[in-house]
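To start, the structure under review is shown below, and the notes come after it.
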C-alpha cells in the first residue's frame, strides 16, 4: 500500500521542499530534489504496472474525506489496467521532461519555482489518474488546472503570460461547472462516488428520466453530458479550445508535459474511465464522437497557416485530442487510450524539439525566436534536433511502422465501422490526417530546410543544444517510433493488439465488424493522405517556395479567417467578456449605488428628519439609539396586541 | 426530556470564556503605557483561547444536547435566567472568535497608533460580547450581548476607521438598528406566545404550538435582523462601506464573526422555533441567496478598491451560506456552517493581508499595484493560497464548504443549484483578475526595490499572525471531518425538528393563511 501512496507523494514532497526552501537555500539545485522524486515515482509506477499485469488490481480507500449525513466520500486509489497505463505515460514523460528542464530553464531566476510547480503538477496528475472515485478525480482535475495556471503564467511580468494563465483557468471552469454538477448528480443517483460502485449500479437506471423545467431528460445522458463538459474544457475541444493555444506562453517543457502529453488528455482518460456510463447513452456517445471529429478538422485547418512554431504544435494537439474523442465516441475506448499513449511520446518530442530550436535561437540572440518565417536551414546546425523532429513527424503523420500509424489507423478503422455517422467521421478524420501531414512537414521545411532567414550575426551563434536537452529527446524519439508496437492490428499479426487486450477488462472489446478488404482500404487511404500531405508541403516549401505567398494572395479571405483562428476569441470577447464587464460596471454597480442605496438611504433620511425634532433634547448617539429602539418596540408590540 | 447537559467540568468554563476579556478590559483601565496595553491585551486574548480550548476537548460529539450548561436564576419574576451552553452549531464559532481576536491584536500592533488603550478595550469587550452571543440560551441574555457587540464595533469603525468612517458608521448603525428593533419585537412576542419564557431551548421545543400566522410574522421580524447582518441581497450595501472604512482588526472581526451572527440567528431561532415559516420562506430565501451569489460576484468586477472588492465578494460567499442553510438538508446546513467558518478564515486572512500591504503602500487602489509577486514573494504566495481557497479549489477549506452547499442546494432544487454553480466561474474570474492586477504584470515603479518606497516582505510578527489561518485552510481542505464531526448530531437534530412539523395538514393551513393576507 505504501508503494502506491508514494507514487503521488514523492513529487508532492519535492514540491513542498522546493517551494519552502527553494528561494533562499536550494535555488539552482532544485532539480536535485525534483528529478529523483519523479524518477522514483516512475520506478514505482513500473512496479505497479507489473502488479496489474500479474493480476493484482488495487482498489482501496485511504481515509474518509468528507462525511455529512448520508454523503460519504473517501480518498482512495484505484490501480487497474487503465490507470496503470496512465501511470507509465505520466511518470515516464515527466521524468524525461524534468531532466530536459535542467538544461532548458538553466539560469532562470525562478528555477526553483519552476521545479516546485512541475512537481506539484505531477502529484496532481497522479491523483487524477489514481483516484478511485469522482471526487478524488475532481481534486486532481482542479489541481492540474491550478498548476497549469501557475506554469502558463510562469513569466508573470509579461502581461500576455498572466493573461493566458488566467484565461486557461477560467475557460476550464466553464467545463468544471458541468463536471461538478455531474458529480453531484451521480451521487444523488447512485448514492456513491466510487467508480466501481457507480458502474456496477449503472445498469439499474437505464431509461430513467429526470424532470427539468417540465422536460423529461434521460438521466444517464444528462450525467454523461455534464461529465463531458469537463472533458471539453480540460482537453480543449470545441468550443472551449481557446485557452490551449494561448497556453503556449508558458515555458516549452510545460507545453510538452502539461499541454500535450498529460493534462490535456485527462478528459480522454475521464471519458474512458466512465465508459460503462457513456456506453449506455447513444446521445452522449454521438456527442463525444462529433465533438472530437469536428475539433480534429477545425484545429488542423488553423494549424495550416500559423507561423509560431509552438502554436502550430498546439493546434496539432487540439486536433489529435479530437481524434481521441472520436475514438471514444464510436466506442473504441482502447483505441482512444492507445492514441493518447503514442501521442504523448511524439507530441512531447515535437514540443521539446521546438524548445530545443527556441533555446538555440534565443541564446544566439534571435528575438523572434518562435516565428518560423524567421528560421530556416537549421538542420546543419542542429542535427540531433532535426533527426528527432523527423522521427516525430513521421509518427504523427501516420507513416507505416511508426507509433502514430498504429494508433491513428485503429481510430480510423473503428470509425469506418460505425455506420453512417462513423463513415462521415472517418472522412473528416482522413481529411484531418491530410492536413496534419501538410502542416507537420511545413513546420519541418520552414524550420530546418532552406536558408536561415534571420541575421548572419545570429546564424553564427546557433549551435546544437547540450546533452541534457538532446538525450531526453532521443529517449522520446525511441518512444515515438516504437511505442506503437504494442498495438499492431490483428490483420498483420495475430494477437498483435496487446494494449487493446490488456485494457479489455476495463474498456471492453469494441464490437467491430468489417472485412479484411475494407480494413486494407482504410489503411491504404491513411497512407495515401499522409504521403500526399507530405508531397504537397514539399512542393510548396522546398521546390516552389513562391507558391505559398501566391496562394495566400489568391485566397486572402480564407487565409485571414484561418490565420485569425476563425475569430473565435474575438467572438467570445465581444459576446461574453465585454458585455459582462460593461454590465457589472454600468448596470450592476449603478443599480447598487443608486437604486438600492437610494431606497435604503431614503428610509434613514426619513428617520433622520424625524430624529431632527428630537435632536434638541438628545445628548448623543447612544441614547438616541436606545430611545428610537424603545419607541419602535413599544409601537409595534402595541399594534400586535391591539390586532390580537 | 432534558435537552441539556450541565457543565461536565469542575469550573464554570463558559462563564470564564465569555467574561475573561471583560476582566482584561477592566485591567486595561489601570494601564497607560501603550506597549503594556498591547501586551496585556495579547495575553488576555491568548489566555482566552486556552481557557476555551477544553470545550473542544471535552465536547461530546454524540449528542445534540446543550453542553457545559450553566443556569442561574437572574430575574425570576420575568423568568429570566443566566443561561449559557453550547452545542455543535455554536462551538466552532466560539473557537473561531477566540482565534481571530488574538490575530486582531497582533495585526493592530503597529497600525493603531492613537487611543491605543481605548482601542484594545473595545476589542476585548467586543470579543466578550461575541462569545456571549454564541453561548446564550436565554433570549434576554442573548439580546444584551447582541446589542453590546454593536457598540465597540461601531466605535472601532467610527474612531479608528478611514476617511469616510462617519458615513460608514452611521450607515452600519442604522441598518442594524432597524433589524434589532424588529428582533426585539419578535422576542417580546415570543415571550408571551411561549407562556412567559425566554428560555431558547424551551421555545425551540414549543414550535408545534405556534400557529402558522404567528410564525409567519415572527419569521419576518427575525429575518429583518438576520438578513441585514448576513448581509443578504438587497440589504447588503452597508457592508462594503463598513469594511472599506474599518481598520484591519475591525474588518477581520466583521468578516470573521459579526456577519456570521445573522446566519447563526437563522440556525438558532428561525429554524427550530418557526419551522413552518422557515419551510414556507425556503424558496424565496434560496432565490435571494442565488441572486446574492451572482450579483455579489458581478459587482466585484467593477471594483477599483482592493478592500471593497473583497467586501463585495463576502456578499457572494455569504450567499452560498444562506443557500446552504435554507436548503434545509444535512449537507446544505453542514456545508453552510462550515462555509461560515471558512469564510471567517479566508476573508479574515485576506483582510489581515490587505491591512499588512496597506501599511507599506498606503493605497488600496488596485491600479496602483502590479508586479508585487516579484517584490514581496512570500506575501504573494500566501495571498495566492487565499485566492484559490476563495474560489473553492479542492484541498482548501473553500471547496469542502462550497461543494456540500452545492450538493445540498442541488438536492433541494436543481435549477437553483445550477445557477449557484455559475458562482464558481464568476468567482474564479474576479479573483484571478484581481490577483493578476496586484501581483503580476509590470511593477509599479514607485514600489520597485530601487524606488522611493521600497516595499518589504512579511516580517515574523506578520507571519505568526497569518500562519494559524493557513493551517486551517488546509486542515479543513484535507480532513474536514475534524470539524464536521462536531456538527453532525446537532444538525441532524435540527433537521428532524423541522421535519416533525410537516405533519397535521399544515400545507392547507398555510395556503389558506396566505390567501387571507393577499
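The values are calculated or read from the model by the stated rules, or taken from the named source; none is laboratory data. Since the model is a prediction, treat every value here as computed from it, not as a measurement. Ideal geometry is used to build each Cβ from the backbone, glycine not excepted, and the neighbour counts take in all protein chains shown.
Read through the list (1) touching a residue at least 40 places away in the same chain (Cβ under 8 Å); (2) within 20 Å of the chain's Cα centre (by Cα), then give the number of the only condition that residue A:103 fails.
If we test residue A:103 against (1) touching a residue at least 40 places away in the same chain (Cβ under 8 Å); (2) within 20 Å of the chain's Cα centre (by Cα), just (2) comes out false.
Within the stretch B:7-59, take every residue that is in contact with a strand residue (DSSP E or B) (Cβ under 8 Å, 6 or more places away or on another chain) and within 24 Å of residue B:465 (Cα to Cα) and give me the one that is surrounded by the fewest Cβ atoms within 10 Å (Cβ to Cβ).
Result: B:55.
Tally the residues that are over 14 Å from residue A:247 (Cβ atoms) and under 15 Å from the mean Cα position of the chain (by Cα), restricting the search to the stretch A:119-138.
Residues flagged as over 14 Å from residue A:247 (Cβ atoms) and under 15 Å from the mean Cα position of the chain (by Cα) within the stretch A:119-138 amount to 8.
Keeping to the stretch B:422-438, report how many residues are crowded, with 21+ Cβ neighbours inside 10 Å and within 7 Å of chain A (Cβ to nearest Cβ).
Going through the stretch B:422-438 one residue at a time, the tally reaches 4.
I want to confirm something. Restricting to the stretch A:139-175 and keeping residues that are within 13 Å of the chain's Cα centre (by Cα) and within 7 Å of chain B (Cβ to nearest Cβ), which single residue is farthest from residue A:111 (Cα to Cα)?
Among those residues, the one meeting the criterion is A:173.
Checking residue B:197 against (1) closer than 18 Å to residue B:312 by Cβ; (2) at pLDDT below 90; (3) more than 14 Å from chain A (Cβ to nearest Cβ), which test does it fail?
Result: residue B:197 passes all but (1).
Is it fair to say residue B:398 is surrounded by 23 or more Cβ atoms within 10 Å (Cβ to Cβ) and either more than 9 Å from every other protein chain (Cβ to nearest Cβ) or touching a residue at least 24 places away in the same chain (Cβ under 8 Å) (or both)?
yes
What do you reckon, is residue B:352 crowded, with 18+ Cβ neighbours inside 10 Å, within 14 Å of chain A (Cβ to nearest Cβ) and on the phi < 0 side of the Ramachandran plot?
Considered against the rule, which asks whether it is crowded, with 18+ Cβ neighbours inside 10 Å, within 14 Å of chain A (Cβ to nearest Cβ) and on the phi < 0 side of the Ramachandran plot, residue B:352 comes out as no.
In this structure, is residue B:244 in contact (Cβ under 8 Å) with a residue 60 or more places away in the chain, buried (at least 22 other Cβ atoms within 10 Å of the Cβ), at negative phi and touching a strand residue (DSSP E or B) at 6+ places or on another chain (Cβ under 7 Å)?
So residue B:244 fits the description; yes.
Consider residue B:496 carefully, then state whether it is within 14 Å of chain A (Cβ to nearest Cβ) and either at pLDDT 90 or above or outside any helix (DSSP H, G or I) (or both).
Numbers: within 14 Å of chain A (Cβ to nearest Cβ): yes; either at pLDDT 90 or above or outside any helix (DSSP H, G or I) (or both): no.
Criteria not met by residue B:496.
Residues are listed down the side, and each one gets a yes or a no for (1) in contact with a strand residue (DSSP E or B) (Cβ under 9 Å, 6 or more places away or on another chain); (2) under 30 Å from residue B:405 (Cβ atoms); (3) surrounded by 20 or more Cβ atoms within 10 Å (Cβ to Cβ):
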position: A:28; (1), (2), (3): no, no, no
position: A:31; (1), (2), (3): no, no, yes
position: A:35; (1), (2), (3): no, no, no
position: A:48; (1), (2), (3): yes, no, yes
position: A:53; (1), (2), (3): no, no, no
position: A:58; (1), (2), (3): yes, no, no
position: A:63; (1), (2), (3): yes, yes, no
position: A:71; (1), (2), (3): no, yes, yes
position: A:75; (1), (2), (3): yes, yes, no
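Can you say whether residue B:404 is more than 11 Å from every other protein chain (Cβ to nearest Cβ), modelled with pLDDT of 90 or more and touching a helix residue (DSSP H, G or I) at 6+ places or on another chain (Cβ under 6 Å), as far as the supplied structure shows?
Working: more than 11 Å from every other protein chain (Cβ to nearest Cβ): no; modelled with pLDDT of 90 or more: yes; touching a helix residue (DSSP H, G or I) at 6+ places or on another chain (Cβ under 6 Å): yes.
No: the conditions fail for residue B:404.
Determine which member of the set A:627, A:571 is assigned to a helix (DSSP H, G or I), surrounded by 11 or more Cβ atoms within 10 Å (Cβ to Cβ), more than 9 Å from chain B (Cβ to nearest Cβ) and modelled with pLDDT of 80 or more. Spell out the reasoning first.
Details: A:627 fails: modelled with pLDDT of 80 or more.
Sole residue among the options that is assigned to a helix (DSSP H, G or I), surrounded by 11 or more Cβ atoms within 10 Å (Cβ to Cβ), more than 9 Å from chain B (Cβ to nearest Cβ) and modelled with pLDDT of 80 or more: A:571.
Picking from A:42, A:15, which residue would you name as being crowded, with 19+ Cβ neighbours inside 10 Å, within 14 Å of chain B (Cβ to nearest Cβ) and in a helix (DSSP H, G or I)?
Selected residue: A:15, the only one of A:42, A:15 that is crowded, with 19+ Cβ neighbours inside 10 Å, within 14 Å of chain B (Cβ to nearest Cβ) and in a helix (DSSP H, G or I).
Suppose we filter the stretch A:491-500 for residues that are out of contact with any helix residue (DSSP H, G or I) (no Cβ under 6 Å at 6 or more places or on another chain) and surrounded by fewer than 16 Cβ atoms within 10 Å (Cβ to Cβ); how many remain?
Of the residues in that region, 4 qualify.
Which is buried (at least 24 other Cβ atoms within 10 Å of the Cβ) and over 20 Å from residue B:47 (Cα atoms), of B:126, B:137, B:166?
Numbers: B:126 fails: over 20 Å from residue B:47 (Cα atoms); B:166 fails: buried (at least 24 other Cβ atoms within 10 Å of the Cβ).
Of the residues listed, the single one that is buried (at least 24 other Cβ atoms within 10 Å of the Cβ) and over 20 Å from residue B:47 (Cα atoms) is B:137.
For the subset of the stretch A:358-373 comprising residues that are assigned to a loop (DSSP other than H, G, I, E, B) and crowded, with 18+ Cβ neighbours inside 10 Å, which member is modelled with the highest pLDDT?
My answer is A:370.
Quick check, is residue B:195 free of Cβ contacts under 8 Å to residues at least 40 places away in the same chain, out of contact with any strand residue (DSSP E or B) (no Cβ under 8 Å at 6 or more places or on another chain) and assigned to a loop (DSSP other than H, G, I, E, B)?
yes
So which helices (runs of 4 or more DSSP H) stay within the stretch B:371-464 end to end and still have 1 or more residues that are within 30 Å of residue B:287 (Cα to Cα) and in contact with a strand residue (DSSP E or B) (Cβ under 7 Å, 6 or more places away or on another chain)? So that I can check it myself, show each step before the final result.
On the way: elements: B:372-375, B:377-390, B:397-412, B:414-439.
It comes to B:397-412, B:414-439.
Restricting attention to the stretch B:72-82, does a residue exist that is in contact with a helix residue (DSSP H, G or I) (Cβ under 7 Å, 6 or more places away or on another chain) and farther than 24 Å from residue B:490 by Cα?
Scanning the stretch B:72-82, I find at least one residue that is in contact with a helix residue (DSSP H, G or I) (Cβ under 7 Å, 6 or more places away or on another chain) and farther than 24 Å from residue B:490 by Cα, so the answer is yes.
Pairs under 9 Å by beta carbon, first residue free of Cβ contacts under 8 Å to residues at least 60 places away in the same chain in the stretch B:360-371, partner part of a loop (DSSP other than H, G, I, E, B) and buried (at least 17 other Cβ atoms within 10 Å of the Cβ), six or more apart or different chains?
B:363/B:369
Of A:457, A:501, which residue is more than 30 Å from residue A:105 (Cα to Cα) and modelled with pLDDT under 90? Spell out how you get there, then give the answer.
On the way: A:457 fails: more than 30 Å from residue A:105 (Cα to Cα).
After ruling out the rest, the residue left standing is A:501.
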